[in-house]
Amino acid sequence: MTLAVSIAAGAMPFGFQLILRQRDNRVLAPDSTSRRALVATLLAQPESFGLLGFGLGDDHAHVLVRCGREAAGELGRRLEITLQGRIPRCEGFRPLLITEIAGQDHLRSLIDYVIDQDRKHGANLDPLREGTVLPDLLGLRPGASAVVRRVLDELPRLRGRQLLHHLPAPLREVAHVDTLAEAACAALLLANLDGRDARRALARRAAVAAAGNTDASVLAAVLGIDARSVRRLRGAGDVPPALIRAVRRWSGLLAAVRADQGRGG
C-alpha cells in the first residue's frame with residue numbers, strides 16, 4: 001500500500017509511511033536475531049517521531065509515524081545509519097520512499113497491511129510476526145508501552161482480538177519447557193540469553209517464573225545454567241506479571257510453530 005493519498009491544499013497530513021529497502025534488494029532481516037535488532041532500533045527512537053506501527057516484508061520494511069514530513073525524513077535517515085551497523089551484510093539503502101497517511105481510517109487499514117507483509121509476499125520468514133508491531137499490540141513485548149498507547153490514542157476502537165488472525169495459533173498462556181528460553185528472548189528483544197547484562201538477567205528470571213514448579217534441573221538444561229542458579233533465580237525478586245504472561249504466550253506460540261514445521265506445514 002504505497003499509493004500516495006492526496007491531501008487538501010494547506011491541510012496538515014495525519015502522518016507518514018516510510019518504506020526502507022536495501023540497495024541490493026536482499027532480505028532485510030532474514031532471522032529472528034536481525035528482526036529483533038530492527039524492532040529494538042525502531043522502539044528506541046525518540047517519541048517525537050510518533051511511531052505508530054511497522055512491519056517487515058522480505059526485502060523491505062514499512063514504518064508508520066505521526067509527525068511532520070521533515071521529521072519523517074530524519075527518522076528514515078537515522079534508521080538507515082543505525083541499521084547498517086546492526087543488520088548483517090547491510091551495504092546501504094535505496095532512496096527512502098515516504099507517502100502520506102490520510103487519517104484514522106487509513107491508519108487502521110495500514111496497521112493490518114504492514115503486519116501482513118511477510119505472508120502477503122509469500123516469504124513466510126516470520127510466522128510469529130516478530131518483525132511487526134503485532135506483538136506489542138498483543139502484550140507480547142511489554143516494554144513497548146509508548147507505541148501501544150499512541151496507537152490506541154489514534155484508534156480507540158482497536159481491540160487485540162481484531163488482530164489475532166495474523167497469528168499462526170491461538171494465544172494461550174502455557175509454558176513449554178523447550179521453548180522458554182526463546183520465549184524470554186522474544187519478549188525482551190534479545191538474540192540469546194548469553195551474558196550478564198540486566199536485560200538477560202531479567203529474561204532468565206522471567207523464564208524461570210513462567211515455568212512455575214518445573215524441576216530445577218530440567219530448567220537448567222534449557223536455560224544453559226545449573227540447577228543451583230535456577231533456585232537462586234526463583235528467589236531473585238519479582239518479575240512483572242505482564243512479562244511472565246508474555247513469556248508464556250510466546251512459549252505456546254513457538255511450540256505451535258515448531259509442531260507445524262515438524263508436520264511439514
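Here are a few things to note about the model shown:
- Were the residues from ASP260 through ALA44 laid out at 0.36 nm apart, the gain over their Cα-Cα distance would be 74.4 nm.
- Highest average packing first - 230-240, 197-207, Cβ atoms within 10 Å: 197-207, 230-240
- Accessible area of the chain belonging to carbon and sulfur atoms, whole % at 1.4 Å probe: 49
- With both labels modelled 7 Å from their Cα along Cα-to-Cβ, the ILE81 to ASP112 distance reads 3.8 nm.
- Gain on full extension, evaluated as 0.36 nm per residue between ASN213 and VAL174 minus their Cα-Cα distance, stands at 12.7 nm.
- Amide H contacts of LEU97 (H built 1.01 Å from N, in plane; Pro and chain starts excluded): ILE19 sit under 5 Å, all sequence-distant by 5 or more or on other chains.
- Ranked by the mean number of other Cβ atoms within 10 Å of their residues, highest first, the peptides 241-252, 164-175 come out as 241-252, 164-175.
- Helical content of the chain, expressed as a calculated mean residue ellipticity at 222 nm, amounts to -13500 deg cm²/dmol (DSSP H runs of 4 or more residues, -39,500 (n - 2.57) each, divided by residue number, nearest 500).
- Accessible surface calculations at 1.4 Å, restricted to protein heavy atoms, place the stretch 197-265 at 52 Å² per residue.
- Computed E for ARG196/ARG26 - FRET, C-beta separation, R0 35 angstrom, nearest 0.05: 0.55
- In the context of the full set of protein chains, residues of the stretch 6-129 present 44 Å² of accessible surface per residue (probe radius 1.4 Å, heavy atoms only).
The values are calculated or read from the model by the stated rules, or taken from the named source; none is laboratory data. Being a predicted model, the structure only gives us computed values, none of them experimental. Backbone-built Cβ (ideal geometry, glycine too); neighbour counts: all protein chains shown. In case anyone asks, the SASA skips ligands and DNA or RNA and just uses the protein heavy atoms, side chains included. Shrake-Rupley method; radii C 1.70, N 1.55, O 1.52, S 1.80 Å.
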